[in-house]
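One structure is given here, and the rest of the page talks about it.
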Amino acid sequence: MSKAIRILIVEDSDDDARLAVRMLRRGGFEPVYRRVQDADGLIAAISQERWDAVLSDFRLPNFSGVQAVNVFRSFGLDIPFIFVSGTIGEEIAVEAMKAGASDYVMKQNLARLVPALQRELEQATIRAEHRQAQMDLQVSRDRYVDLYDFAPVGYLTVSMEGSIAQLNLTGADMLGDERERLLDASFIRFVTLEDAEHWNRHFQHVLHGGEKQRLELALRRIDGTRFDAHLDCMRVAADNAAPMVRIGAQAGSLGSPPWRRSRLLRTSRPPRARLPAASSARRCCRPPRCRRTPGTRC
């Protein structure tokens with residue numbers, strides 16, 4: 001089945017252009033072509049229509065192959081540009097390739113035209129797919145950045161030295177400063193004094209243990225304002241990189257943390273009521289009618 005293709009031919013000889021088209025048809029293409037022979041014609045053709053490839057003679061009466069390549073490149077197209085010429089030598093071929101041509105074919109050897117064009121079309125397709133993949137990746141990254149930065153949870157990554165390596169905008173707002181100023185700051189400066197020791201133990205445990213852990217801490221913003229926070233902490237480590245601790249932080253009221261609860265129980269438990277001393281005397285079995293002498297049994 002023939003493959004449709006749109007070919008722009010830069011050639012002053014109509015016979016040579018038809019010969020190249022005939023070779024393409026024999027090679028399995030169904031070309032639609034337009035022939036131009038000067039800069040104005042080339043500019044108009046590229047501006048007005050979409051093309052799959054350009055075939056160009058190297059020497060024309062009032063135009064050169066190098067000029068044709070320069071006009072072609074000014075449009076930023078990524079399609080094959082192949083020189084088809086009978087006057088191209090080795091030095092000129094090198095010059096043409098440096099100018100930006102995809103390949104060159106001698107008019108005396110047009111059998112090379114079809115495989116050369118097929119190869120260059122395949123390479124152009126690969127480049128186009130790669131560009132699209134890069135664009136899709138960038139869109140995905142932008143979407144991830146938006147989700148990361150504006151998530152309702154403050155995300156922070158703390159290095160093994162305890163400094164903030166990464167944080168999202170929510171985390172920066174939670175700590176009360178701009179993100180750029182918080183990077184490389186020591187995280188413990190935002191932990192209240194009474195919880196600092198517990199944070200250090202928890203941090204070392206997560207850093208070296210690797211299990212996800214939940215922690216409740218009283219934190220303080222850059223201006224000293226205190227707030228309660230739930231922290232979900234887990235160890236992360238890239239290849240050949242030092243491990244770090246990733247934190248998901250949510251502000252909110254806390255219950256008494258376990259390390260405080262036992263202390264609160266010890267300090268706030270009401271004293272037990274003292275029971276009266278047990279009497280050594282036996283209770284009277286008939287109190288209303290008892291006439292016993294005090295100190296004696298019934």
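Structure summary
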{"quantity": "Those residues of the range 87-108 which are free of Cβ contacts under 8 Å to residues at least 24 places away in the same chain and part of a loop (DSSP other than H, G, I, E, B), in sequence order", "calculated": "Gly89, Ser102"}
{"quantity": "Residue that is within 18 Å of the chain's Cα centre (by Cα) and in a helix (DSSP H, G or I), where the choices are Gln166, Gln134", "calculated": "Gln134"}
{"quantity": "Qualifying residues in the range 167-194 (those that are under 20 Å from Gly252 (Cα atoms) and without any contact (Cβ under 8 Å) to a residue 24 or more places away in the chain) - the one surrounded by the most Cβ atoms within 10 Å (Cβ to Cβ)", "calculated": "Leu167"}
{"quantity": "For Ser262: the one exception among (1) modelled with pLDDT under 55; (2) part of a helix (DSSP H, G or I); (3) closer than 27 Å to Ser159 by Cβ", "calculated": "(3)"}
{"quantity": "Qualifying position, being surrounded by fewer than 17 Cβ atoms within 10 Å (Cβ to Cβ) and not aromatic (Phe, Trp, Tyr), among Glu11, Glu49", "calculated": "Glu49"}
{"quantity": "Residue check for Glu90: farther than 22 Å from Gln123 by Cβ, among the acidic types (Asp, Glu) and either buried (at least 17 other Cβ atoms within 10 Å of the Cβ) or in the same structural domain as Glu122 (by TED's automatic domain parsing) (or both)", "calculated": "yes"}
{"quantity": "Residue among Gln118, Gln37, Gln108, Gln132 that is on the phi < 0 side of the Ramachandran plot, out of contact with any helix residue (DSSP H, G or I) (no Cβ under 8 Å at 6 or more places or on another chain), buried (at least 18 other Cβ atoms within 10 Å of the Cβ) and not acidic (Asp, Glu)", "calculated": "Gln37"}
{"quantity": "Any hit, the range 65-77, residues being assigned to a loop (DSSP other than H, G, I, E, B) and on the phi > 0 side of the Ramachandran plot", "calculated": "yes"}
{"quantity": "Some residue of the range 40-54 being outside any helix (DSSP H, G or I), more than 43 Å from the chain's Cα centre (by Cα) and assigned by TED's automatic domain parsing to the domain that holds Leu117", "calculated": "no"}
{"quantity": "Verdict on Val32 being in contact with a strand residue (DSSP E or B) (Cβ under 7 Å, 6 or more places away or on another chain), loosely packed, with under 15 Cβ neighbours inside 10 Å and in the same structural domain as Leu121 (by TED's automatic domain parsing)", "calculated": "yes"}
{"quantity": "Hey, Asp239 touching a Ser or Thr at 6+ places or on another chain (Cβ under 6 Å) and either exposed (fewer than 15 other Cβ atoms within 10 Å of the Cβ) or hydroxyl-bearing (Ser, Thr, Tyr) (or both) or not", "calculated": "no"}
{"quantity": "Condition check for Gln204: in contact with a Ser or Thr (Cβ under 8 Å, 6 or more places away or on another chain) and not assigned by TED's automatic domain parsing to the domain that holds Ile7", "calculated": "no"}
{"quantity": "Filter pass, Tyr155 being in the same structural domain as Ala242 (by TED's automatic domain parsing), aromatic (Phe, Trp, Tyr) and either surrounded by 15 or more Cβ atoms within 10 Å (Cβ to Cβ) or on the phi < 0 side of the Ramachandran plot (or both)", "calculated": "yes"}
{"quantity": "Which listed residue is outside any helix (DSSP H, G or I) and over 30 Å from Ser102 (Cα atoms), from Leu207, Leu156", "calculated": "Leu156"}
{"quantity": "Residue tally, condition closer than 30 Å to Phe81 by Cβ and in contact with a helix residue (DSSP H, G or I) (Cβ under 7 Å, 6 or more places away or on another chain), over the range 135-165", "calculated": "0"}
{"quantity": "Index of the failed condition, Arg141 passing every other in (1) modelled with pLDDT under 90; (2) over 16 Å from the mean Cα position of the chain (by Cα); (3) not aromatic (Phe, Trp, Tyr)", "calculated": "(2)"}
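The values are calculated or read from the model by the stated rules, or taken from the named source; none is laboratory data. Just so we're clear, the structure is a prediction, and the values are computed from it rather than from any experiment. So basically every Cβ, Gly included, is an ideal-geometry build from the backbone, and we count neighbours across all protein chains shown.
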